[in-house]
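Beneath this line is the structure, given in structure tokens, with notes to follow.
No value in this document is a laboratory result; all are computed from the given coordinates. Keep in mind it's a predicted model, so treat the numbers as computed, not measured. Here Cβ is always computed from backbone atoms with ideal geometry, including for glycine, and neighbour counts include all displayed protein chains.
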Amino acid sequence: MKFSCPLTSELLRKMRNSSKLLKSKRPCNMITVTDAGTGMDEDIIKNLFVTFFTTKEKGIGLGLASAQKIIEAHHGETWIESTLDSGTAVGIILPSRSKVI
Ligand SMILES: Nc1ncnc2c1ncn2[C@@H]1O[C@H](COP(=O)(O)OP(=O)(O)O)[C@@H](O)[C@H]1O
Ligand SMILES: [Mg+2]
């Protein structure tokens, strides 16, 4: 699949090359969300999932930390691709249920 957005394309390339879930051939669901915001530098990306890490004056730093914990609890993967002053792409892969209930 071709995407005109370079950030999304790069995120998908990394997911395709390195995702354990995609390699496992288990049925999965995947979503990506890309923004054209501030992007992040290496120091922010490194701390992104650390509980209470925030760069905002009134931030709490629980958004990404808790989202990742929930995704992990469902045996999923979280992927980030970000370029400072350009934007951020987030990818989530979750295994599908093996049985329909
Ligand atoms: N889409 C994004 N673009 C730029 N920076 C982001 C983005 N999402 C998260 N961040 C950075 O990660 C930090 C932690 O995010 P989050 O866990 O949602 O907590 P909070 O929003 O309370 O700061 C933010 O303060 C911000 O620096
Ligand atoms: Mg937030």
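Observations, loosely collected:
- Gyration tensor over the Cα atoms of segment 27-101: the corresponding equivalent ellipsoid has semi-axes (square roots of 5 times the eigenvalues, largest first) of 26, 15, 9 Å.
- Rounded to whole numbers, the Karplus 3J(HN,Hα) couplings from phi for segment 30-39 are 9, 10, 10, 10, 10, 10, 10, x, 6, x Hz, using 6.51 cos²θ - 1.76 cosθ + 1.60 with θ = phi - 60°, and x at Gly and Pro.
- Environment charge of residue 81, counting only residues whose C-beta is closer than 11 Å and scoring Lys/Arg +1, Asp/Glu -1: +1
- The distance between label points at residue 46 and residue 97 comes to 4.2 nm (points 7 Å beyond Cα on the Cα→Cβ vector).
- Normalised by the number of residues in the chain, the average gap of Cα pairs under 8 Å and 6 or more apart makes the relative contact order 39 percent.
- Using the alpha-carbon positions of segment 55-97, Rg (one decimal) and Dmax (whole number) come out as 12.7, 40 Å.
- Helical mean residue ellipticity (222 nm; -39500 (n - 2.57) per DSSP H run of 4+; nearest 500) of the chain: -9500 deg cm²/dmol
- The chymotrypsin sites (Phe, Trp or Tyr not before Pro) found in segment 25-66 that occupy coil by DSSP, while having at most 10 further C-beta atoms within 10 Å, are 52.
- Mean Cβ neighbour count within 10 Å, used as a protection proxy, ranking 81-87, 61-67 highest first: 81-87, 61-67
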